[in-house]
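Data block below; observations after.
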Amino acid sequence: MKKLIPFILLFSQLYFAQNVAQSLETATKKLLSSSPAYSANVSIYVADENGNFVYENNGNKGLSTASTQKIFTAAAALETLGKDFQYVTTVNFSGTLSGGNLNGDLFITSTGDPTLGSWRYEGYNPENFKQKLIKSLKDKGISSISGDLIIDDLYFDFQTVPGGWPWNDLGNYYGAGVWGVNWRENQFDLRMANGDIKKSNIDLPNVKWVNEVKTGGSSDQSLIFTAPHSDVALVNGTLPSKAITVSGATPNPPLTLGEEIKIWLKEAGIEFKGKITATSQQKIEGQKISFAPKNNLLMEYKSPTLDKIVFWFMRKSVNLYGETLVKTLGKEKKNEGSFDAGISYLKEFWKSKGINAAMINFADGSGLSPQNYVSARAEVQSLLWSQKQPWFKEFFEGFPTQANGMKMKSGTMKDTKSFAGYHTAKNGKKYVFAIIINNYQGGNISNALFEVLNELK
């Protein structure tokens, strides 16, 4: 009898696996035969927690992933940089101090901290940074600054936005680019009422607005068009006539931070006599670059640890974090803080974990580019590898619980939807899965995919 038990268990497992596979196949056929999926492409892959194959439909097919791309970036960053990794922002000065006067320039530089001035972390908001900056100046006895305020923002290369991002995404908050010095997640908020711009929560130096918004409807159907270093911004589309906040991507975060610091200095009674500039601005104007000195340190300001950054990166799908992580990986592993270097490393990393390179044609770190082509099988392979790592708990915590009750990362772009994650069925069976669909037109695309994934419950 004892000899029969393993056989019975194996037979039971095979039976349930076949039963689930049949259910998934039926649900997938129903999905693909629906009118909205007439010209759709799908990639589905399901395994159990040990990596044993359960079901696939075009599992190797590379499709645009949208934000499930983030699982690759987050896991590679945790493994490469370590969950305790922190970005560092420093304040230095050049010249001399005499009688409370700084006869020189004040420099703000950073290793690209994407959380600098973020509202998501207790103890790390703009007011906290302001207080520490002013305290560092007063502790040094500085009551006036004769030189300039220079934001040294060239830790990474000059290109702030990955190639392939759509133009109608760039000016919106989720299309914010990456600078060496980021501020308030490179996002601004416009307060609008009856279609008119009332005010912005932060100063946007030199930006001129073109407002073509029409009023109508009950939801925000507006778009903001602007670009890095641009001094023109367009807002159009439709908005309700009531007061509403529309969020955009800051065209020049370093200069915006500089303007804010200028206000802080005045409030603190510290006289500022110079001008505000950034090293990227000096590069644009063909001037000599004024890099921050290595000495004369006034303040060192560290970001939250990487595990906390990854939590919000996954939970709220913050594209800025993904692209900063890609540039950071490039800087750390290839000594080049560029998208190309970071993406190259990301591909090498996952190839080294056994994923076929043809299934991970990455274009960015966040999934916003429609030029990302990744298969569902590759996503499952990355999730299976990640669950064996010591940082998995922190990684998994970032996965949101979706409307169907399953804990999984989602991805959304025009006519594209994806889900990838982990689920424990009622019978205790644990699954790792991914589903991607492109060119699904009309209908509720999430509910359509839920009908397939619910077979894992």
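So, LEU384, is that one open to solvent by 10 Å² or more (accessible area, probe 1.4 Å) and either part of a loop (DSSP other than H, G, I, E, B) or farther than 23 Å from LEU453 by Cβ (or both) or not?
On the way: open to solvent by 10 Å² or more (accessible area, probe 1.4 Å): yes; either part of a loop (DSSP other than H, G, I, E, B) or farther than 23 Å from LEU453 by Cβ (or both): no.
Judged against the criteria, LEU384 is not a match.
Having 1 or more residues that are under 25 Å from GLY342 (Cα atoms) is the bar; report the strands (runs of 3 or more DSSP E) wholly within segment 172-235 that clear it. Give the derivation first.
Values: elements: 187-193, 196-200, 208-211, 221-225.
Of the strands (runs of 3 or more DSSP E) lying wholly inside segment 172-235, those with at least 1 residues that are under 25 Å from GLY342 (Cα atoms) span 187-193.
Filtering segment 404-414 down to residues that are among the small types (Gly, Ala, Ser) and touching a helix residue (DSSP H, G or I) at 6+ places or on another chain (Cβ under 7 Å), which residue is farthest from ASN19 (Cα to Cα)?
Result: GLY411.
I need every pair where a residue in segment 299-317 that is within 17 Å of TYR174 (Cα to Cα) and free of Cβ contacts under 8 Å to residues at least 24 places away in the same chain has its Cβ under 6 Å from the Cβ of a residue that is assigned to a loop (DSSP other than H, G, I, E, B) and open to solvent by less than 10 Å² (accessible area, probe 1.4 Å), sequence separation at least 6 or different chains.
Every condition considered, no pair remains.
Being in contact with a helix residue (DSSP H, G or I) (Cβ under 8 Å, 6 or more places away or on another chain), farther than 14 Å from ILE71 by Cβ and free of Cβ contacts under 8 Å to residues at least 24 places away in the same chain narrows it down to one residue among LYS417, LYS429, LYS393, LYS351; which is it?
Working: LYS417 fails: free of Cβ contacts under 8 Å to residues at least 24 places away in the same chain; LYS429 fails: free of Cβ contacts under 8 Å to residues at least 24 places away in the same chain; LYS393 fails: in contact with a helix residue (DSSP H, G or I) (Cβ under 8 Å, 6 or more places away or on another chain).
Answer to the selection: LYS351.
Being over 16 Å from SER67 (Cβ atoms) and of a type in the set (S, T, N, Q) is the filter here; which residues of segment 435-457 pass it?
ASN439, GLN441, ASN444, ASN447, ASN454
So, of the residues in segment 48-61 that are in contact (Cβ under 8 Å) with a residue 60 or more places away in the chain and open to solvent by less than 30 Å² (accessible area, probe 1.4 Å), which turns out to be farthest from GLY365 (Cα to Cα)?
VAL54
Which pairs have Cβ atoms under 6 Å, sit 6 or more apart or on different chains, and link a residue in segment 165-177 that is at negative phi to one that is surrounded by fewer than 20 Cβ atoms within 10 Å (Cβ to Cβ) and assigned to a loop (DSSP other than H, G, I, E, B)?
Every condition considered, the pairs that remain are LEU170/ALA227.
Would you pick out the residues in segment 349-373 that are open to solvent by less than 40 Å² (accessible area, probe 1.4 Å) and closer than 21 Å to THR328 by Cβ? Please lay out each step first, then the result.
From segment 349-373, those open to solvent by less than 40 Å² (accessible area, probe 1.4 Å) are 349-350, 355, 359-360, 362-369, 372; that's our starting set.
PHE349, TRP350, ILE360, PHE362, ALA363, ASP364, GLY365, SER366, GLY367, LEU368, SER369, ASN372 - these are the residues of segment 349-373 that are open to solvent by less than 40 Å² (accessible area, probe 1.4 Å) and closer than 21 Å to THR328 by Cβ.
For the subset of segment 274-300 comprising residues that are surrounded by 16 or more Cβ atoms within 10 Å (Cβ to Cβ) and aliphatic (A, V, I, L, M), which member is farthest from the chain's Cα centre (by Cα)?
LEU298
Can you name the number of the only condition in (1) under 20 Å from ALA66 (Cβ atoms); (2) surrounded by fewer than 24 Cβ atoms within 10 Å (Cβ to Cβ) that LEU346 fails?
It is condition (2) that LEU346 fails.
Looking at the structure I just gave you, is SER222 of a type in the set (Ser, Thr, Tyr), out of contact with any helix residue (DSSP H, G or I) (no Cβ under 9 Å at 6 or more places or on another chain) and open to solvent by 40 Å² or more (accessible area, probe 1.4 Å)?
Details: of a type in the set (Ser, Thr, Tyr): yes; out of contact with any helix residue (DSSP H, G or I) (no Cβ under 9 Å at 6 or more places or on another chain): yes; open to solvent by 40 Å² or more (accessible area, probe 1.4 Å): no.
Answer is no for this residue.
Output yes when any residue across segment 262-273 is touching a residue at least 12 places away in the same chain (Cβ under 8 Å), assigned to a strand (DSSP E or B) and within 28 Å of the chain's Cα centre (by Cα), and no when none is.
There is no residue in segment 262-273 that is touching a residue at least 12 places away in the same chain (Cβ under 8 Å), assigned to a strand (DSSP E or B) and within 28 Å of the chain's Cα centre (by Cα).
Taking segment 33-47, which residues are open to solvent by 10 Å² or more (accessible area, probe 1.4 Å) and in contact (Cβ under 8 Å) with a residue 12 or more places away in the chain?
Looking only at segment 33-47, we keep the residues that are open to solvent by 10 Å² or more (accessible area, probe 1.4 Å), and these are 33-36, 38-41, 45.
Residues satisfying the conditions are SER34, SER35, PRO36, TYR38, SER39, ALA40, ASN41, TYR45.
Spot the failing condition for ASN182; the list is (1) surrounded by 17 or more Cβ atoms within 10 Å (Cβ to Cβ); (2) touching a strand residue (DSSP E or B) at 6+ places or on another chain (Cβ under 6 Å), and only one is missed.
Going through (1) surrounded by 17 or more Cβ atoms within 10 Å (Cβ to Cβ); (2) touching a strand residue (DSSP E or B) at 6+ places or on another chain (Cβ under 6 Å) one by one, ASN182 breaks only (2).
If you go through segment 77-112 one residue at a time, how many are farther than 30 Å from PHE349 by Cα, open to solvent by less than 40 Å² (accessible area, probe 1.4 Å) and among the hydroxyl-bearing types (Ser, Thr, Tyr)?
Here the count works out to 2.
Can you tell me how many residues in segment 160-178 are open to solvent by 10 Å² or more (accessible area, probe 1.4 Å) and within 19 Å of ASN125 (Cα to Cα)?
Total meeting the criteria: 1.
The values are calculated or read from the model by the stated rules, or taken from the named source; none is laboratory data. Small disclaimer: the values here were computed from a predicted structure and weren't measured. Glycine also receives a Cβ, built like all others from the backbone with ideal geometry; neighbour counts cover every protein chain displayed. Heavy atoms of the whole protein, side chains included, go into the accessibility calculation; ligands, DNA and RNA do not. Shrake-Rupley method; radii C 1.70, N 1.55, O 1.52, S 1.80 Å.
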